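Before any comments, here is the structure.
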Amino acid sequence: MPTPEFILRLREKIGHDPLWLIGCTAVVVRPHRPDALGREDALAAAAQSSSMRAASAPMVGSNRSLVDLEPWSAVESGAGFESDTGSEDVLLVRRSDDGLWAPVTGIVDPGEHPAVAAVREAFEETLVECEIERMAQVHVTAPVTHPNGDIAQYTGLVFRCGYVAGTPGAGDDEAADARWWQASALPPMREVHRGAIRAALRADPLCELLDGDRVIPVSGPTSGPAA
């Protein structure tokens, strides 16, 4: 979808100055199926990842470089890519601005609940219906400089979502493609998106709190009343 109207109105007042926004990420998962893309597709995507340095790509932090251009596994117990199977598939979109694959991301509209925004963005970008399973991560991004010079920084709320219905496809101009990928053989992507997927696939039900590269410790509920 195009830049939200409320941001355009704000930009008329503040120009390119930094703008703090609430973002949402929908990591949509399903049980593994044979039609999911795998290791060979991830290798092919890695060979095409130089497009992120194009003028249309946003600059995240100090540069546009990827941490790693190799395929990777989000399965914590996995041992690389010896197997082309995985217990879950992850829905990814190929972004139209930098050509990289990523989970569904978007901006929360004023007054909109972030969970509602995540489900909405998933359908708008991929034509897939999903439902919220849990919040997986809260993070703060590095400053992002968009091609037009606008600077923004985001509080990112990551939701693990379960697949409900629909066949993936590019639903708006932000997505060039949308496909299911095996969680054990994912294409190169920005580190913030890798972290979101890892958090969503982790068995720990507690939400991960991420401040840059630092994980803020979270204590689970204690049993029984406090002494």
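The values are calculated or read from the model by the stated rules, or taken from the named source; none is laboratory data. Since the structure is predicted, the reported quantities are computational estimates derived from the model, not experimental observations. All Cβ positions, even for glycine, are placed from backbone atoms using ideal geometry, and neighbour counts span all protein chains on display. Heads up: the accessible areas ignore ligands, DNA and RNA and are worked out on the full protein's heavy atoms, side chains in. Shrake-Rupley method; radii C 1.70, N 1.55, O 1.52, S 1.80 Å.
Quick look at the values:
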read-out: Of the criteria (1) modelled with pLDDT under 95; (2) within 14 Å of the chain's Cα centre (by Cα), which one I197 fails; value: (1)
read-out: Test result for T3, of a type in the set (V, I, T), modelled with pLDDT under 95, open to solvent by 50 Å² or more (accessible area, probe 1.4 Å) and under 19 Å from the mean Cα position of the chain (by Cα); value: yes
read-out: Residue check, P188 open to solvent by 60 Å² or more (accessible area, probe 1.4 Å), closer than 30 Å to P18 by Cβ, touching a strand residue (DSSP E or B) at 6+ places or on another chain (Cβ under 8 Å) and modelled with pLDDT of 90 or more; value: no
read-out: Yes/no for P147 being touching a Ser or Thr at 6+ places or on another chain (Cβ under 9 Å), closer than 22 Å to E12 by Cα and open to solvent by 60 Å² or more (accessible area, probe 1.4 Å); value: yes
read-out: Residues of segment 34-55 satisfying the condition of being open to solvent by 60 Å² or more (accessible area, probe 1.4 Å), at pLDDT below 90 and either assigned to a loop (DSSP other than H, G, I, E, B) or closer than 13 Å to Q182 by Cβ (or both); value: Q48, A55
read-out: Every residue from segment 161-184 that is surrounded by 15 or more Cβ atoms within 10 Å (Cβ to Cβ), in contact with a strand residue (DSSP E or B) (Cβ under 8 Å, 6 or more places away or on another chain) and in a loop (DSSP other than H, G, I, E, B); value: G166, P168, A170, G171, E174, A183
read-out: Single match in E76, E82 (criterion: touching a helix residue (DSSP H, G or I) at 6+ places or on another chain (Cβ under 8 Å), in a loop (DSSP other than H, G, I, E, B), open to solvent by 90 Å² or more (accessible area, probe 1.4 Å) and at pLDDT below 95); value: E76
read-out: Enumeration of residues in segment 123-144 that are open to solvent by less than 50 Å² (accessible area, probe 1.4 Å) and within 19 Å of R190 (Cα to Cα); value: E125, A136, Q137, V138, H139, T141, A142, V144
read-out: Selection count where residues are within 24 Å of C207 (Cα to Cα) and not β-branched (V, I, T), scope segment 153-179; value: 9
read-out: Hits in segment 191-209 (condition: open to solvent by less than 40 Å² (accessible area, probe 1.4 Å) and of a type in the set (A, V, I, L, M)); value: A196, I197, A199, A200, L201
